[in-house]
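Enquirer: Next up is a structure, given as structure tokens.
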Amino acid sequence: MLRLGIDVGGTNTDAVVMDGDKVLSGIKAPTSEDVTTGVVAAMNGAIEAAGIDRAAIGNVMIGTTHFTNAVIERRHLAQVAAVRLGLPATACLPPTVDWPEDLKYVVDRHGYLVHGGYEFDGREIAPLDEAELIRIAGEVRDNGLKAIAVTCVFGPINAAMEQRAAEIFAEHCPGVPVVLSTEIGRIGILERESAAIMNASLLELADKTVTAFGQALRDAGLDCPFHITQNDGTLMAAETVKRFPVLTFASGPTNSMRGAAFLTGVKEAIVVDIGGTTTDVGALHLGFPRQAATVVDVGGVRTNFRMPDVFSIGLGGGSLVAEDGAKVGPQSVGYRITEKALVFGGDTLTTTDIAVAGGKAAVGDAERVGALSSDLVTAALNTITTMLENAVERSRVSPDPIPVIAVGGGSILMPGTVGDLTVIRPDNFAVANAVGAAIAQISGEVDRVFALENGLTREDCLAQAEAEATENAVAAGAARDTIQVIEREDVPLAYLPGNATRIHVKVVGEMEATHG
């Protein structure tokens, strides 16, 4: 069965058709305001270019920035109730205490502190106040709130109170979705709570978006399952996205990095993905993006669910060139490059014009940039090279000479070497993100605190975590015999009694044949 990979970016929507390891076609189409129009255009273009029968496509994988953009642009977010189980502790820092002012409307006056919660070792701080939860359910109904986010102190140690709260809300305000923080974030109460609240505020948009994607595929004559890529480079089923939209954050750069690893066969590298507006830079480890070890800021909100360690700079194929080449970006003409850039008959000097004038690319009409002074072209190319060198150095964690993989439509800007590192530009580099979506695997992970007592060794706990992660992956649709461990770490928590150690294990596997 063939696979169709689609990546919806800010400028372009890319689509590829793949037969096993072979890329049959790759197409770019402008991203549309309603998203689905651009998806259908790219999809149809890729299918026609591959010259295949639609019935041969067994699975569709979609990467989207839709939910990240909703938070960054403060649009399409629903009001939710934020319920924290933790009194009498944690009262000094209410929910959304550190959120930007223009985003606090998501919770507004509907933040609730309730008796309950656990110590690090699973002992209760206080019994769960069920009567208070029933009262809150009444307010949720009265105020017409769209979702509830429940966060329990040290919930990842023991999720029982969060689960009981969900049962109470299901009984007393049926039909209102409940998000449990333990299903999304890690240890760290405020960040995990913020991730849960953000997820709850996106549920309505997730339902609409996933339904629209499904409709777009049916309209295009495709009657196969579709998955959406998440930010660790793996897939989740469309129905899961309706429950956990935040897990798609940063999936675009992740898809590019997975695509770069696949197209080159290189597992350890720095990937530079140059688009129309920005350049995303991150490191590959074992063929997957290195994960951020710290708190991640999304639209001004601190969260702690897994995210790739990727950062962006304002440099792309449509970036404006000013000050005689000394300044490049961050402003960009974006998807309007084919009408604004000089080589396409426009009146705006962009990095693409510089690349053509410098003999690095052959797009548009080179005669239109023939009059640019060589000093300007040289200065701009030097500025671009310096920006890229600084970005690559920022991603290096060792002095070892690992390669740099350049992908994305704007990678014509990449020099042949960056400092002492060689640059690889693979075939199909312009649609690496869609390739990354098409080859994505299914993952499972576990991240919690284990107590090394009663004869339990570190190896016992690691094996237990690995088994749990494997079951999670199989439940999500992975074939058991293809599963491999890609992350495994344990951190002894010296400040806690009982020989506590925090263990994080992540596994990936190929999609089970019955799922596609």
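The values are calculated or read from the model by the stated rules, or taken from the named source; none is laboratory data. Given the structure is predicted, the values throughout are model-derived calculations rather than measurements. Every residue, glycine as well, gets a Cβ built from its backbone with ideal geometry; the counts of neighbours run over all protein chains shown. Surface areas here come from the heavy atoms of the whole protein model, side chains and all, with no ligands, DNA or RNA. Shrake-Rupley method; radii C 1.70, N 1.55, O 1.52, S 1.80 Å.
Enquirer: Would you pick out the residues in region 186-208 that are touching a residue at least 12 places away in the same chain (Cβ under 8 Å) and open to solvent by 10 Å² or more (accessible area, probe 1.4 Å)?
Expert: Result: Arg186, Ile187, Gly188, Ile189, Leu190, Glu191, Leu203, Glu204, Leu205, Asp207.
Enquirer: Counting only residues that are touching a Leu at 6+ places or on another chain (Cβ under 8 Å), farther than 29 Å from Glu33 by Cβ and surrounded by fewer than 20 Cβ atoms within 10 Å (Cβ to Cβ), which one in region 329-371 is modelled with the lowest pLDDT?
Expert: So the residue we want is Lys360.
Enquirer: Only one of these is under 25 Å from Ala15 (Cβ atoms), under 21 Å from the mean Cα position of the chain (by Cα) and either modelled with pLDDT of 85 or more or part of a helix (DSSP H, G or I) (or both): Ala469, Ala434. Name it.
Expert: Unique residue meeting the criteria: Ala434.
Enquirer: How many of the residues making up region 424-466 are out of contact with any helix residue (DSSP H, G or I) (no Cβ under 7 Å at 6 or more places or on another chain) and over 26 Å from Thr65 (Cβ atoms)?
Expert: 17
Enquirer: Turning to a different aspect of this structure: Residues in region 95-142 that are more than 23 Å from Gly300 (Cα to Cα) and touching an Asp or Glu at 6+ places or on another chain (Cβ under 7 Å): how many?
Expert: Total satisfying the criteria: 5.
Enquirer: Another question, then. Only one of these is over 27 Å from Glu239 (Cα atoms), modelled with pLDDT of 95 or more and either of a type in the set (S, T, N, Q) or open to solvent by 40 Å² or more (accessible area, probe 1.4 Å) (or both): Glu101, Glu130, Glu124. Name it.
Expert: Answer to the check: Glu130.
Enquirer: If I filter region 220-246 down to residues being over 20 Å from Glu204 (Cβ atoms), touching a strand residue (DSSP E or B) at 6+ places or on another chain (Cβ under 7 Å) and aliphatic (A, V, I, L, M), which single residue comes out as surrounded by the most Cβ atoms within 10 Å (Cβ to Cβ)?
Expert: Leu235
Enquirer: Here's a follow-up. How many of the residues making up region 271-298 are in contact with a Ser or Thr (Cβ under 8 Å, 6 or more places away or on another chain), open to solvent by 20 Å² or more (accessible area, probe 1.4 Å) and of a type in the set (Ser, Thr, Tyr)?
Expert: 2
Enquirer: Hey, can you tell me all the residues within region 209-219 that are surrounded by fewer than 20 Cβ atoms within 10 Å (Cβ to Cβ) and of a type outside the set (Asp, Glu)?
Expert: Across region 209-219, the qualifying residues are Thr211, Ala212, Gly214, Gln215, Arg218.
Enquirer: Still on this structure, please answer the following. Looking at region 344-370, which of the residues that are part of a helix (DSSP H, G or I) and under 34 Å from the mean Cα position of the chain (by Cα) is farthest from Pro415 (Cα to Cα)?
Expert: Per the stated criteria, the residue is Phe344.
Enquirer: Which condition number does Asp108 fail, the rest of (1) under 23 Å from Cys152 (Cα atoms); (2) touching a residue at least 40 places away in the same chain (Cβ under 8 Å); (3) not in a helix (DSSP H, G or I) being met?
Expert: (2)
Enquirer: Name the single residue, out of those in region 479-516 being at pLDDT 85 or above and among the hydrophobic types (A, V, I, L, M, F, W, C), that is farthest from Gln291 (Cα to Cα).
Expert: My answer is Ala479.
Enquirer: Of everything in region 470-484, what is open to solvent by 30 Å² or more (accessible area, probe 1.4 Å) and within 10 Å of Val508 (Cβ to Cβ)? Give them in sequence order.
Expert: The answer is Thr482, Ile483, Gln484.
Enquirer: If you go through region 141-162 one residue at a time, how many are within 22 Å of Glu204 (Cα to Cα) and not in a strand (DSSP E or B)? First the steps, then the outcome.
Expert: Taking region 141-162 first, the residues within 22 Å of Glu204 (Cα to Cα) are 141-151, 162.
Right, trim to not in a strand (DSSP E or B) and you get 141-146, 162.
Matching residues across region 141-162 total 7.
Enquirer: Looking at Ala292, Ala283, Ala269, Ala261, which is the one that is closer than 20 Å to Gly408 by Cα and under 16 Å from the mean Cα position of the chain (by Cα)?
Expert: It is Ala283.
Enquirer: Out of all the residues in region 299-316, which are open to solvent by 10 Å² or more (accessible area, probe 1.4 Å) and either over 17 Å from the mean Cα position of the chain (by Cα) or among the hydrophobic types (A, V, I, L, M, F, W, C) (or both)?
Expert: Met307, Val310, Phe311, Ile313, Gly314
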